[in-house]
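Novice: This is the structure I want to talk about, given as structure tokens.
The values are calculated or read from the model by the stated rules, or taken from the named source; none is laboratory data. Because the structure is a prediction, the values reported are computed rather than measured. All Cβ positions, glycine included, derive from the backbone under ideal geometry; neighbour counts span all protein chains shown. All accessible areas refer to the heavy atoms of the entire protein, side chains included, with ligands and DNA or RNA removed. Shrake-Rupley method; radii C 1.70, N 1.55, O 1.52, S 1.80 Å.
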Amino acid sequence: MNLIDTGLRAQARPDLARPDAGLVLASLWHTAGPEQQRRVMSGVMDAWEGTRLPAAYLARHCLEGSDGRTVLNVAQWTSSGAHRAFAADPGNQQTLGRAIRALYAADPPGRHTPWRVVRRREGTAGFLTVRWYDTGDAGAGRSLADELAARPAAAGSPAPVVEHFSVAEDGRRLLVLAGFTDEPGGAGLWFRPFRRLVRAAGRGASGGSPAAPPGQEGRA
């Protein structure tokens, strides 16, 4: 694998609480089955790994759904403006955009601002679950995040190590990513890491790194 930007590495556990991330992009893709699921994930990551990426790019994770069909895509940038500038570049639209569209047709990912991180117990998060909640505005999204963060863990269910709360830029949705040390199991959908492309902490400062989000209580 030949990465164009040597400040990026291919292997890392998801660190969705990194304080230099001011934008979280997240989306679910639904494929026909395990073969297409892996083909899409591999092709998407090949395309990103072959692209010259700005310092504002922090990470992209393709996570494999436990149902053998769904893909969770999560990307982190230092700021919304930096990502919009990259996406608007005609060269990126012609190369990266065309390569991804050739693999799979999907709506643009949801754009979210990190709000808070809650450490539930000790451990390192390697597996994720995802939920979105509809909210009326950003204030309602932040209030719901605070309410969910304060709730006790459900009895008898696998306990997450950490939960990440991010509010959509338009304020209409709350994204909750929960990290687990082991496969959560059960009937619910969960995700395991497949491939990722991550910039080491501190390498993306020129993209406009924000301070730690309000209410942040821990690191994944």
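Novice: Is it possible to state the helix-based mean residue ellipticity at 222 nm for the chain, with each DSSP H run of 4+ residues giving -39500 (n - 2.57), the sum divided by total residues, to the nearest 500 deg cm²/dmol? What is it?
Specialist: -6000 deg cm²/dmol
Novice: Counting other Cβ atoms within 10 Å of each Cβ, which GluC sites (Glu not before Pro) in region 91-167 have at most 15 and sit in a DSSP loop?
Specialist: E122
Novice: Any idea of the accessible area per residue across the chain, 1.4 Å probe, to the nearest Å²?
Specialist: 47 Å²
Novice: Now, a different point. What residue among L197, L174, L148 has the largest mean-square fluctuation in a Gaussian network model of the chain, using Cα springs under 10 Å?
Specialist: L148
Novice: For R192 and R52, FRET efficiency with R0 = 22 Å and r from the beta-carbon atoms, rounded to 0.05?
Specialist: 0.15
Novice: For the pair A105/S27, report the inter-label distance in nm, with labels modelled 7 Å from Cα in the Cβ direction.
Specialist: For A105 paired with S27, the spin-label model returns 1.3 nm.
Novice: How many percent of the accessible area of region 11-125 is carbon or sulfur, using a 1.4 Å probe?
Specialist: 52 percent
Novice: Measure out, as a whole number of angstrom, how far apart the alpha-carbon centroids of region 65-106 and region 138-198 sit.
Specialist: Computed from Cα coordinates, the inter-centre distance equals 22 Å.
Novice: Might you work out the accessible area of E49 for me, using a 1.4 Å probe with all protein chains in place, and round it to the nearest 10 Å²?
Specialist: The accessible area of E49 comes to roughly 10 Å².
Novice: Could you order W77, W132, W29 so the one with the most accessible surface comes first? Probe is 1.4 Å.
Specialist: Ranked list, largest accessible area first: W132, W29, W77.
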